[in-house]
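The values are calculated or read from the model by the stated rules, or taken from the named source; none is laboratory data. Here the structure is a predicted model, which is why all the values come from computation and not from measurement. Here the Cβ is made from the backbone with ideal geometry for all residues, glycine too, and neighbour counts use every protein chain on show. Accessible surface is based on the protein model in full, side chains and every heavy atom, while ligands, DNA and RNA are left aside. Shrake-Rupley method; radii C 1.70, N 1.55, O 1.52, S 1.80 Å.
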Amino acid sequence: VSMVTPTRTSAWRRLQAHRNRLADFDMRRAFADDPARAVRHAREFNATDSVLHLDYSRHLIDDAALADLFALCRECALETRIETLFSGARVNRSEGRAALHMALRAAPGDDFRVDGRDVVGDVLAVRGRFLAFAEAVRQGQWRGHTGAAITDVVNIGIGGSDAGPRMMVEALAPVHDGPRVHFVSNADGWHLALTLRALDPRTTLFVVASKTFTTAETMANAHSARRWIADALGEEAIGRHFVAVSTNLDAVRAFGIGPEQMFAFWDWVGGRYSLWSSVGLPIAIAVGAAQFEAMLGGARAMDLHFRTTRFEDNLPVLLAVLGLWYIDFWDARTHSLAPYHQPLSMLITHLQQLEMESTGKRVTIDGESVDYATAPVVWGAAGTNGQHTYFQALHQGTALIPVDFLVAAQSGHGLAGHHEMLVANCLAQAQALMQGKTRAAAHAEMRAAGLSEEAAQALAPHREFPGNRPSSTLLARRFDATTLGALVAMYEHKVFVQGSLWSLNPFDQWGVELGKELARGVGNALGTEGAAASHDPATAALVARWQALRRD
Ligand code: F6P
């Protein structure tokens, strides 16, 4: 499908006109004029016992503008693009690869092909192997070199080989019944050192997760971990204490991990889309094969929803077009996430990679410069914590920051009163952002509370809330494995839709390369006095100062 420049579509021109027309749009008035707005602007994903209810009524938009966002999808041939993605075509053109993470969620009988070759058989075979291995570790059948059962698993990886599985392990903490699972990603030695401090080599298993098996941080951590085991238990212990997850068998072998201890995945799986593959091994070790399969089931149901539901009812499409509406037509530069579920805190990091590595691009898939804004800065914190840190700026700051609120109807922790408090806070924040409070109301409240006229006048501007600030609310029945699978897949597809509408390749990440490359040059200069002179003056000066401070 040839690429469409979104700004040249007729829908884009109409959207620009809508934006001008809606400059003074007031959601409060829109609700007053249309009492059914909340009901009309809600859609539900409801499959495999999981529910994701999306309320998108609190947005600076009306039906005509929404219709043109869907028209934009049509003009950009979104339907064909979705089918092309699912067909296994090499949509990641700059790397010549397919992006078929949906195949990782496949069930027997599903049909996914790359270059005409069915990949479902491979997926199911590897899945069977790593789930069996996870169960063996959990049940104490896979033991350390001394015969002791594994109590602690350390995943060594970074980016997609860390954030996805870490997010899911944390999110599934309520049902975590396997060995403890730790994640070490940072090149900073403290990350590994502090993690190992509490661990016993005899009962620790390392999972080295790296698609390429060349990532500098991961290799450094893996080699240090290897030394830690070898020093404590001898070289011959390595085989019982290390497994690898990778697409690079040769590099895994060179590290000293045999093929029987390696779990493969494929070049058509992007790092940030890999948690469904053997990269998810730590998840399976934490919660077991059945929970892992449930997570896949939820994601698979979301794939089906995305592929078969008309745009107007399609959750990933709705989230994508609303995001684009603010980024491209309202100058919003950031998008905030507020999961009101403490175990989901890491979703923010995962989505930062998913969104910003995917759509943080300034040229189209054909290499043309874009003349429109792309990826938002994604940020946020779990509720209610965020309310006591940055929500001030959401309510009274000058930036327009759309928010996704996420909350579940059921909690499962059994602590009386907490969940009602949490839900009330979540719903109230969305309400406050929309409703605001007028200066007159603030003034009247203060007078009623006994403040002098002078004090009330002086304070009123500070206690006024403009309101009319947008948010979506996603209400789940519960954040169980199935729903979490659906939720993460929903955001994956949202990003794909935005990438498609922006004519980008959402599956490459060349932007991470320059820093990696320069780090090698700077690293070489660190050890030799004066060697940084050939670098730019700021770097050279900092290296010289570092060398001096290091000696003192
Ligand atoms: O540097 C970015 C990146 O390439 C991510 O896209 C990827 O998830 C991460 O590094 C880790 O890569 P690997 O799994 O090959 O170690």
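Worth pointing out:
- For the stretch 1-85, accessible area per residue (1.4 Å probe, heavy atoms of protein chains only), Å²: 47
- Carbon plus sulfur fraction of accessible area for the stretch 338-412, probe 1.4 Å, in percent: 51
- Restricting the stretch 319-398 to GluC sites (Glu not before Pro) that sit in a DSSP loop and have at most 12 other Cβ atoms within 10 Å of their own Cβ leaves Glu368.
- Taking every alpha-carbon pair in the stretch 193-289 and binning the separations at 5 Å intervals from zero gives 2, 13, 24, 24, 21, 12, 4, 1 percent.
- A simple packing score, the average count of other Cβ atoms within 10 Å per residue, orders the peptides 434-447, 481-494 as 481-494, 434-447, with the highest score first.
- Gyration tensor (Cα) of the stretch 360-511, equivalent ellipsoid semi-axes in angstrom: 37, 25, 10
- Beta bridges per DSSP, both residues in the chain: antiparallel share near 35 percent.
- Normalised by the number of residues in the stretch 385-498, the mean separation of alpha-carbon contacts (under 8 Å, six or more apart) gives a relative contact order of 38 percent.
- Rounded to the nearest 10 degrees, the inclination of helix 513-526 to the longest alpha-carbon principal axis of the chain is 60 degrees.
- Other residues within the sphere of radius under 11 Å centred on the Cβ of Gly323, judged by their own Cβ, net out at -2 (K and R +1, D and E -1).
- Hits among aspartates and glutamates - C-alpha to C-alpha of Lys437 under 12 Å, sequence gap 8 or more where chains match: Glu445, Glu464
- Eligible lysines near Lys494 by straight Cα distance, threshold 17 Å, same-chain separation 8 or greater: Lys361
- Scattering profile of the chain at q = 0.08, 0.10, 0.11 Å⁻¹ [log10 I(q)/I(0), Debye over alpha-carbon scatterers]: -0.60, -0.91, -1.06
- Taking the 1.4 Å solvent-accessible surface of the stretch 1-56 as the whole, the part contributed by carbon and sulfur is 51%.
- Other-chain or far-sequence residues with amide H under 5 Å of Arg97's (modelled H): Asn92
- When only the Cβ of Lys, Arg, Asp and Glu is charged (+1, +1, -1, -1), the dipole of the chain relative to its Cα centre reaches about 240 debye.
- Charging the Cβ of each Asp and Glu at -1 and of each Lys and Arg at +1, and nothing else, the dipole of the stretch 422-490 about its Cα centre rounds to 220 debye.
- Neighbourhood net charge (15 Å Cβ-Cβ; Lys/Arg +1, Asp/Glu -1) for Thr398: 0
- C-alpha long axis of helix 418-435 to longest principal axis of the chain, angle in °: 50
- With the simple model of a label 7 Å out from the Cα in the direction of the Cβ, Thr528 to Ala541 spans 2.4 nm.
- Solvent exposure of the stretch 116-180 amounts to 37 Å² per residue of accessible area, where only protein heavy atoms count and the probe is 1.4 Å.
- Sorted largest first, the spans of the alpha carbon positions of the stretch 315-378 along the three principal axes are 41, 22, 20 Å.
- Accessible surface of the stretch 195-270, 1.4 Å probe, proportion on carbon and sulfur as whole %: 50
- For the chain: relative contact order, % (alpha-carbon pairs under 8 angstrom, 6 or more apart): 19
- Order by protection proxy (mean Cβ within 10 Å, highest first), peptides 309-315, 280-286, 389-395: 280-286, 309-315, 389-395
- 222 nm mean residue ellipticity, helices alone, for the chain (DSSP H n ≥ 4; -39,500 (n - 2.57); rounded to 500): -14000 deg cm²/dmol
- Net dipole in debye of the stretch 97-213 [+1 Lys, Arg Cβ; -1 Asp, Glu Cβ; about Cα centre; nearest 20]: 180
- Surface accessible to a 1.4 Å probe, per residue, for the residues of the stretch 209-332, Å²: 31
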